[in-house]
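Below you'll find the structure, written out as C-alpha cells, and then a few comments.
The values are calculated or read from the model by the stated rules, or taken from the named source; none is laboratory data. All figures in this text were calculated on a predicted structure; none of them were measured in a lab. Quick reminder, even Gly has a Cβ in these numbers, built from the backbone with ideal geometry, and neighbours come from all protein chains shown.
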Amino acid sequence: MTKSLLLLSVTALLLPACQAGEKPANEAAEVNSTAAVDAGADEQAIRGQVDRWLQLVKAKDAAGIAELYAEDGAVMPPNAPIGKGRAAIQQTWTSMMRTPGFDLTFAPEQIVVSSSGDMALDRGTYSLTIAPDGTTQTDTGKYVVVWRKIDHEWKAAADIFNSDLSAS
C-alpha cells in the first residue's frame, strides 16, 4: 500500500511538469501568431512610408526624402557615387530631380519583414522619365530598399536601383 501511495504521489507531482512542458510550445505558437500580425502591421507602415516618398518625389522635396532615410542610410544610384548620410542623400536626390522632365514612380512588389521585426526588405520596380536635352527618355528598372525600424519608425537604411535597359 505504501508503494502504491508513493507511486501515485510521484505521478501526481510529475503530471503537471509534463503539462508545463507542453505549455511553452503553445506559448511559442501564440508568439508566432502575434509576430505574423505585427509583420502585417509593419508591412503596412512601410507601404505608408513608400506612399509618403512618392508624394515627396512629386513635390521634388529632397530634404523630405532624406528624412525618410536612417541618419547613417545610403542611396546607391546607378552610374553615380554612393550617397552616405542624410546630407549626401539629399544632395543625390536634389541632383536627380533637377534633371529636366524628371518624373519617377515606383511600387513595391514584395515587402518581407524580419522575424525580429526590426528590419525589412522592399523589392520593387520603378519607371523614370527625363528629358535632359528636350527629348523625353523613359527608363524602367528595379530597386531594393532595406528598411530599419528606429524608435518605432521605419527608415530606409540602404536604397539601390538599376535599369532594365541594356548598357549600350
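A few notes on this one:
- The numbered conditions (1) at pLDDT 95 or above; (2) out of contact with any Gly (no Cβ under 6 Å at 6 or more places or on another chain) are all true for residue 56 except (2).
- Taking the criterion of being under 18 Å from residue 52 (Cα atoms) and surrounded by fewer than 18 Cβ atoms within 10 Å (Cβ to Cβ), the residues of region 118-142 that qualify are 121, 123, 124, 125, 126, 127.
- Any hit, region 85-97, residues being surrounded by 11 or more Cβ atoms within 10 Å (Cβ to Cβ), more than 24 Å from residue 121 (Cα to Cα), modelled with pLDDT of 95 or more and β-branched (Val, Ile, Thr): yes
- Within region 151-164, the set of residues being out of contact with any strand residue (DSSP E or B) (no Cβ under 6 Å at 6 or more places or on another chain) and at pLDDT 95 or above comprises 151, 153.
- Breaking point among (1) polar (S, T, N, Q); (2) modelled with pLDDT of 95 or more; (3) over 28 Å from residue 163 (Cα atoms), for residue 2: (2)
- Within region 67-110, the set of residues being under 19 Å from residue 147 (Cβ atoms) and in a loop (DSSP other than H, G, I, E, B) comprises 68, 77, 82, 85.
- Pair list, Cβ under 8 Å, 6 or more apart: region 126-142 residue closer than 18 Å to residue 98 by Cβ and at pLDDT below 95, other residue surrounded by fewer than 13 Cβ atoms within 10 Å (Cβ to Cβ) and of a type in the set (Val, Ile, Thr): none
- Test: residue in region 54-66 that is in a helix (DSSP H, G or I), crowded, with 17+ Cβ neighbours inside 10 Å and touching a residue at least 40 places away in the same chain (Cβ under 8 Å): yes
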